[in-house]
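A short write-up of the structure that comes next.
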Amino acid sequence: MVEFATPSENQAEVILIGCGCPLRGMGWYHAVQMLGNECPSAKLCHIVEPWFLGGGADGPGGPEFAEFQAKTTEEHGVQYHKSLSDVPPKPSSSTKRLALISGRTVDNPRLLSEAISAGCSVVYLEKPGAPTVEQLREMKLEASDANVQICMGYNKNVCKYVRKAREFAAQTPGSHVTFVSNNTYEPTAESLGECFERNAEGMLKNMAIHELALLASFYDVTVDNIASVVVDKEFSSCQTLKGPSGKEWTDFDKVKFTIKTKTGKEVSVQADRCGGDTSYAMVSDEDGKELFRHSMPDEEDRANVAVLEAKYPGAMPYFFSQDPDYVTVKERVAKLCATGEEAKDIATIDIAIAALSVAEYLTPLMKEELA
């Protein structure tokens, strides 16, 4: 076995919290990217996995996780722990420790506190960060008091298709941007019911929260700055469906809306759980005629997707189409931790608060419109 993994001088010592099942868990994909040296400023040293090192060890995914654990311990010196409190102290006072939290949203407030106690100076939180705005505000305060920075895993903030659409719109007076997010669920009551139950926080707090973060980051969209919301009732759909547990869930399977701000900006979002595997940003003129579209994945991305499909057969398809963006976000956050360099375009906790606030504001408003 190799020695325990340790960071070099210009690397952050990364603790990954929530690996999940190989080929399925987002945490697992973060791990393989870092272990493949795709994020040179990040050294994955510790993985905290309460479920598969505890009650889930013998259940579905348990054997696959155990195999991954054995391989990464043997080849990379990664240490595994059941909880953050089991992680040993930093190897030296100069070590820059980064927590990458990729577990259940409901656990994030507790895990942030534990990460601060474990000596992390930067915390990377997956979207939406916490179940409620109030919790996010409390987390912001706690991190601020401890002089800890929080970065959000809103990878669409650094996406090529978003950047190219924004650049085109900036050069086209009177133009209008629509961000379109699609997913690959089957348009059946069984498939959507399972989706609604697993993502119980609701579409706007889950799937479309990336787009709301874009609106908060680049279009000044906050609850206080919204002048109007126009829901496209022809496109949008809200359903009540049974999940696997038998409980009923009410959520959107697709939505489209346009927000105008008090400061004069206008932007649209369209999200469809059954819309396919291509998301895109579109720029149209004042009459709604499409002038520009850039998709994810584009041709360059598709070539990369094919390589990754061969490398990780059976993994979640969305890992591959967003692979370069996951790398970019992790590398910028790790570099911030290791060297103090500003994490350009990476969403902050303030953006997370604004996005989640808008989600909480829009959800009842739109459900009422579609009733």
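Computed values, structure above
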{"quantity": "Qualifying residue in the range 43-54 (condition: on the phi > 0 side of the Ramachandran plot and either free of Cβ contacts under 8 Å to residues at least 12 places away in the same chain or open to solvent by 20 Å² or more (accessible area, probe 1.4 Å) (or both))", "calculated": "no"}
{"quantity": "The range 185-213, residues that are under 20 Å from L365 (Cβ atoms) and without any contact (Cβ under 8 Å) to a residue 60 or more places away in the chain", "calculated": "F196, N199, A200"}
{"quantity": "Pairs with Cβ under 6 Å, 6+ apart, first in the range 151-170 and part of a helix (DSSP H, G or I), second of a type in the set (D, E)", "calculated": "N155/D325; N157/D345; V158/D325; V158/D345"}
{"quantity": "Residue pairs meeting the criteria (Cβ under 7 Å; at least 6 apart or on separate chains; first modelled with pLDDT of 95 or more, in the range 13-34; second among the aromatic types (F, W, Y) and assigned to a loop (DSSP other than H, G, I, E, B))", "calculated": "L23/Y312"}
{"quantity": "All positions within the range 132-145 that are surrounded by 15 or more Cβ atoms within 10 Å (Cβ to Cβ) and among the hydrophobic types (A, V, I, L, M, F, W, C)", "calculated": "V133, L136, M139, A143"}
{"quantity": "Some residue of the range 37-52 being closer than 30 Å to N10 by Cβ, among the acidic types (D, E) and in contact with a Phe, Trp or Tyr (Cβ under 7 Å, 6 or more places away or on another chain)", "calculated": "yes"}
{"quantity": "Exclusive hit being open to solvent by 10 Å² or more (accessible area, probe 1.4 Å), in contact (Cβ under 8 Å) with a residue 24 or more places away in the chain and not in a strand (DSSP E or B), set N37, N10", "calculated": "N10"}
{"quantity": "Meets criteria (outside any helix (DSSP H, G or I), open to solvent by 20 Å² or more (accessible area, probe 1.4 Å), touching a strand residue (DSSP E or B) at 6+ places or on another chain (Cβ under 9 Å) and not basic (K, R)) for G103", "calculated": "yes"}
{"quantity": "Selection within the range 186-203 - out of contact with any strand residue (DSSP E or B) (no Cβ under 6 Å at 6 or more places or on another chain), outside any loop (DSSP other than H, G, I, E, B) and open to solvent by less than 60 Å² (accessible area, probe 1.4 Å)", "calculated": "S191, C195"}
{"quantity": "Scope the range 287-317; condition assigned to a loop (DSSP other than H, G, I, E, B), under 18 Å from G27 (Cβ atoms) and open to solvent by 30 Å² or more (accessible area, probe 1.4 Å); matching residues", "calculated": "Y312, G314, M316"}
{"quantity": "Residue, most open to solvent (accessible area, probe 1.4 Å), within the range 318-358, restricted to residues that are within 15 Å of the chain's Cα centre (by Cα) and within 29 Å of T240 (Cβ to Cβ)", "calculated": "Y318"}
{"quantity": "Members of the range 172-184 that are part of a loop (DSSP other than H, G, I, E, B) and in contact with a strand residue (DSSP E or B) (Cβ under 8 Å, 6 or more places away or on another chain)", "calculated": "T172, S175, N183"}
{"quantity": "Residue ID - nearest to V14 (Cα to Cα), chosen from residues in the range 63-84 that are open to solvent by 40 Å² or more (accessible area, probe 1.4 Å) and more than 25 Å from the chain's Cα centre (by Cα)", "calculated": "H76"}
{"quantity": "Enumeration of residues in the range 106-123 that are closer than 20 Å to C21 by Cα and either crowded, with 23+ Cβ neighbours inside 10 Å or of a type in the set (A, V, I, L, M) (or both)", "calculated": "V106, N108, L111"}
{"quantity": "The range 259-281 residues that are without any contact (Cβ under 8 Å) to a residue 40 or more places away in the chain, paired with ones that are in a strand (DSSP E or B) and of a type in the set (D, E) (beta carbon under 6 Å, 6 or more apart)", "calculated": "K260/E266"}
{"quantity": "Yes/no for C21 being buried (at least 16 other Cβ atoms within 10 Å of the Cβ) and assigned to a loop (DSSP other than H, G, I, E, B)", "calculated": "yes"}
{"quantity": "Subset of the range 106-140 (residues that are acidic (D, E) and either touching a Lys or Arg at 6+ places or on another chain (Cβ under 8 Å) or part of a helix (DSSP H, G or I) (or both))", "calculated": "D107, E114, E134, E138"}
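The values are calculated or read from the model by the stated rules, or taken from the named source; none is laboratory data. What you see is a predicted model; the values in this text were computed from it and never measured. Positions of Cβ are generated from backbone atoms using ideal geometry, with glycine treated the same way; all protein chains shown enter the neighbour counts. SASA here: full protein model, heavy atoms, side chains in, ligands and nucleic acids out. Shrake-Rupley method; radii C 1.70, N 1.55, O 1.52, S 1.80 Å.
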